[in-house]
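Here is the structure we will look at, set down as C-alpha cells.
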Amino acid sequence: MTDESLDESRPTTGRDTSRRTAAVIPAAGRGIRLGPGAPKALRALSGTPMLIHAVRAMADSRAVSLVVVVAPADEATAVKNLLDEHALPERTDFVVVPGGETRQESVRLGLDALPAGITTVLVHDAARPLVPVDTVDAVIEAVRDGAPAVVPALPLTDTVKQVEPRAKGEPEPVVATPERALLRAVQTPQGFDRATLVRAHETFAAGGEGAAPGEGATDCAGMVEQLGVQVVVVPGHEEAFKVTRPLDLVLAEAVLARRRANDVF
Ligand code: C5P
C-alpha cells in the first residue's frame, strides 16, 4: 500500500507539493563481513542484485522522484549498466555517482549530486534491500510534517552491555548495562530536511575539524544530533534489517520467498 497523499504525480489539496524528495543510496562498501566475493551491494538475492532491491524499495514510494546511487569508485559504470538492465519505475529518475573511502564520504558525494528543488532527502543503505514502502513513506511524512531528521528504529530484543574493548578473544570487562527499554536499533531510510543534512556534512566533513575519527560517521542522524538538532524516531520494520553476515542472506531469501508466496495467494 502506498500513501497517495505522498504521491508527487497526483494533484493534492492541502499538502505542500513543492517539497520534492530524493533518496541517496550509499552502496560503495566492500561488505567484507559477508565473506569474499563481489561488493556486497552487487550480491544477488533471488537472482537480483541487492542494490536493485534497495533502489526499487525507494522508488516504490511515489514521493521519491530521484534516486542517487553511490557506487564503488571503480564500479560506477557497471552499476549504471545494472540499473539500465533492470525494470525500474518510469516516474523516478536515477543517477549513479562514484563513492568515497567511508560511508560518510559516500553520502556527501551523493548529496553533491542532488539538483535544486529537492527539499527532503532519504539516506538508505543498499544493505537494507527489503525495507517495506510503508516504512519509507512514514519517514518521508514525518519530515514533511516538520521534523528535520527522522530515523526508523525498533526496540531491542537483546540486552546490551557496554564494555572495555580487549584484543580479539580476550574477556572484556563490562562497564555499563543501559536500560533496554530506552534503547532503539536504528534502521534506514533516515529522512532529513536537505539543508539540515548538508549543514551536518559541512560541519563534520571527513578529515576536517569536528570530523568523526576512523571510519567517519556510520549514521547521518548522529551527525545531525551533534549539530544540536532534534532527531526523532518512527517505528521501523523487521524486514528493514541490514544484510551484513552470511546468515542475513538466508533470512533475506526467506523474506523474498514469503513475499512471492503471498503474491500468489
Ligand atoms: O559497512 P556498513 O554495512 O556499515 O555500510 C553501510 C552502507 O554504507 C552500505 O550500503 C555500504 O555500501 C555503504 N558504504 C559506502 N561507502 C563506503 C562504505 C560503506 O557507500 N566507503
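At a glance:
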quantity: Some residue of the range 143-151 being of a type outside the set (Ser, Thr, Tyr), within 16 Å of the ligand (Cβ to nearest atom), touching a residue at least 24 places away in the same chain (Cβ under 8 Å) and crowded, with 19+ Cβ neighbours inside 10 Å; calculated: yes
quantity: Per-region count, the range 45-74, residues more than 11 Å from the ligand (Cβ to nearest atom) and more than 20 Å from residue 188 (Cα to Cα); calculated: 4
quantity: Boolean, residue 84 is closer than 19 Å to residue 43 by Cα and of a type in the set (Asp, Glu); calculated: yes
quantity: Complete set of residues in the range 1-44 that are touching a helix residue (DSSP H, G or I) at 6+ places or on another chain (Cβ under 7 Å), part of a helix (DSSP H, G or I), within 16 Å of the ligand (Cβ to nearest atom) and modelled with pLDDT under 75; calculated: 34
quantity: Of all residues in the range 94-142 being assigned to a strand (DSSP E or B) and not aliphatic (A, V, I, L, M), the one that is farthest from the ligand (Cβ to nearest atom); calculated: 119
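The values are calculated or read from the model by the stated rules, or taken from the named source; none is laboratory data. None of the values given here were measured: they were computed from a predicted structure. FYI the Cβ positions are ideal-geometry reconstructions off the backbone, even for glycines, and counts take in every protein chain you see.
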